[in-house]
Structure formats: structure tokens, C-alpha cells
Amino acid sequence: MNTPLWVFGYGSLIWNPEFPVAEQQIARLDGWHRSFCMRSIHHRGTETDPGLVLALDAAGQGHCNGVAFRVAPGAEAQTMADLRERELVSSAYLEITSELTLHDGRAVRAVTYVVDRDHVQYCGDLALEEQARIIARAVGGRGPNTEYLWNTEAHLREIGLHDPDLAWLAERVRELTDPV
């Protein structure tokens, strides 16, 4: 019997997994937190005008609530190839396997993408206001940085997960981009 492949989503994977899902559940990952700590030079910005994307940054006693996706049986190899092409485009993420606690109490091991703090794209020290200003203007190969923020924040809210930093950023970026 093959072990199921689980993937942890904490950002755009929540609203755009791009792989066949057999099951999904709210999940908790201990020791990490979600933050806009990675400059995006492909998907939500460019090399000359980087945007920001979410990454999991080490958080000691912290945790991140997100979504665990069980990949549809038979789609595991293609899913891993697609995820690696999407997530490892600039090597700023590290692919790890982590233990998640699912909402129903089960523990599963899941493929998880975390930031490489030694990578040039790491920017874990940006103030929220600076993050908002970058997100308000950046555009990359997958579209505006604003879309990434607003979709992620809205989908987290829809599934009952509140992220105070993302909520503040979503509101602030709306203020910055709304032509009054």
C-alpha cells in the first residue's frame, strides 16, 4: 500500500493548488509562521521590481494554520514535478517534509515549502507598511501582487482562519491602491 502524499498550503496553494485533490483539511504546522518574507522576482514581481510572496519562516514556539491537501491517488509524481517547477523556480524555498496536525486530530507528514533564510530573496525584517507599499505596486508573471494578497487573505477568512498581519495588509493595500 502506498503512503498518501500530503501537501501543506499556507498561501496561494490554498486557493490555487493546481493539482488533483482527494481530501483537504485545516491543518496546523508548529514551529513556523506565515509571512511576506520572500521577494518575488518571477510570479508576483520582477528582478528589477520585486514583489513579495508568503513563505514559512522559522518561529520557535509559533505555528501556522493552513490547509493540508491529500493528492489524488495516481497523481503523486506529476504533482511533485509541478510543485517543484512552481515553488522552486528561484531556489528561495526549501522543500521539507513536516508533521501536521489535521483539524480532525490526525497527524500526517506533508511536503512543505519554507523560506531559505540564506537566500538573497529572503527579507524577513520588512515592516508591514513597507510590505504594503511593495505589494501595492508589484506585478509579475502570474499577475499583480495585490491579487495574491487579497486572494490569500479572503480564502483564509472563508475557511475560518484569521491572520492579523494579512488582514491589516489587505486593508492597507486597498487604501494605497484605491484612487480616491
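The values are calculated or read from the model by the stated rules, or taken from the named source; none is laboratory data. Being a predicted model, the structure only gives us computed values, none of them experimental. No Cβ is skipped: glycine too gets one built from the backbone with ideal geometry, and neighbour counts run over all protein chains shown. With ligands, DNA and RNA removed, areas are computed over all heavy atoms of the protein, side chains included. Shrake-Rupley method; radii C 1.70, N 1.55, O 1.52, S 1.80 Å.
Here are a few things to note about the model shown:
- To the nearest ten degrees, helix 76-87 and the longest principal axis of the Cα atoms of the chain are 20 degrees apart.
- Estimated at 0.36 nm per residue, the fully extended path between LEU176 and GLU85 surpasses their Cα-Cα distance by 29.5 nm.
- The accessible area of THR46, taken with all protein chains in place and a 1.4 Å probe, comes to roughly 50 Å².
- The distance from the alpha carbon centre of the stretch 1-67 to that of the stretch 88-105 is 7 Å, rounded to a whole number.
- Measuring with a 1.4 angstrom probe and ignoring ligands and nucleic acids, ARG137 comes out at about 120 Å² accessible.
- The chain: most fluctuating residue of GLN131, GLN78, GLN121 per GNM, C-alpha cutoff 10 Å: GLN78
- Acute angle (nearest 10 degrees) that the helix 145-158 long axis makes with the longest principal axis of the chain, alpha-carbon atoms: 50
- Phi-derived couplings, Karplus 6.51 cos²θ - 1.76 cosθ + 1.60 at θ = phi - 60°, listed residue by residue for the stretch 112-119: 9, 10, 10, 6, 8, 4, 8, 7 Hz, with x used for Gly and Pro.
- Length-normalised contact order for the stretch 1-131 - Cα pairs under 8 Å, 6+ apart - percent: 32
- Amide H within-cut-off set for VAL21, under 5 Å, with H built and near neighbours excluded: ALA72
- Angstrom value of the Kirkwood radius, inverse mean 1/r, which spans all Cα pairs in the chain: 16.6
- Sparse-neighbourhood loop sites, GluC sites (Glu not before Pro) in the stretch 1-78 - DSSP loop, at most 16 other Cβ within 10 angstrom: GLU18, GLU47
- Note on surface exposure: GLU87, GLU171 rank GLU171, GLU87 by accessible area, highest first, 1.4 Å probe.
- Counting only alpha carbon atoms, the long axis of helix 128-137 and the longest principal axis of the chain meet at about 80°.
- FRET efficiency, 1/(1 + (r/R0)^6) with R0 30 Å, evaluated for ALA77 and GLU129 via beta carbons: 0.10
- Backbone HN-Hα couplings from phi across the stretch 6-17 [Karplus 6.51/-1.76/1.60, Hz, Gly and Pro as x]: 10, 10, 9, x, 10, x, 5, 4, 4, 9, 8, x
- Heavy-atom accessible area ranking, 1.4 Å probe, most first, across THR3, THR177, THR97: THR3, THR97, THR177
- Accessible area of the chain belonging to carbon and sulfur atoms, whole % at 1.4 Å probe: 50
- ³J(HN,Hα), Karplus 6.51/-1.76/1.60, whole Hz, each residue of the stretch 98-109, x for Gly, Pro: 10, 8, 10, 10, 6, 4, 7, x, 5, 10, 9, 9
- Inter-label distance, nm, simple model (7 Å from Cα along the C-beta direction), ARG109/VAL21: 2.4
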